[in-house]
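What follows is a single structure, written as structure tokens, with notes after it.
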Amino acid sequence: MSKNRLNELRKSKGLTLSQVHRRLGMKRQTYTNYEYGSREPKLETWEKLAKFYGVTPAYLVGWSDEQN
């Protein structure tokens, strides 16, 4: 699994795990697993997460350094 940027983006926006999982409508454990890399989201979920954080999916998963 790749090093994603979920944790750094969440913290940079001053959000807690609880705030994020509620706003995204997913279980806390599911989001936590994505953030810490113990579970890989499906493509649709990567896109939803990228939209939430205002970045490209490629940036979010660590494939690119360009956010937009």
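If you go through segment 25-44 and keep only what is open to solvent by 80 Å² or more (accessible area, probe 1.4 Å) and within 20 Å of residue 14 (Cα to Cα), you end up with 27, 28, 29, 36. Residue count for segment 45-66 satisfying the condition of being at pLDDT below 95 and either open to solvent by 90 Å² or more (accessible area, probe 1.4 Å) or touching a strand residue (DSSP E or B) at 6+ places or on another chain (Cβ under 7 Å) (or both): 3. The set of residues in segment 39-58 that are in contact (Cβ under 8 Å) with a residue 24 or more places away in the chain and more than 11 Å from residue 6 (Cβ to Cβ) comprises 40, 48. Within segment 11-30, residues that are under 14 Å from residue 48 (Cα atoms) have Cβ atoms under 8 Å from residues that are modelled with pLDDT of 95 or more and open to solvent by 70 Å² or more (accessible area, probe 1.4 Å) in these pairs: 21/27; 21/28; 24/48, counting only partners at least 6 apart in sequence or on another chain.
The values are calculated or read from the model by the stated rules, or taken from the named source; none is laboratory data. From a predicted model like this one, the values you see are computed outputs, not experimental measurements. Counting neighbours? That spans all protein chains shown, and the Cβs are built from the backbone with ideal geometry, glycine included. Ligands, DNA and RNA are stripped out before the accessible areas are found, and what is left, the full protein with its side chains, is counted by its heavy atoms. Shrake-Rupley method; radii C 1.70, N 1.55, O 1.52, S 1.80 Å.
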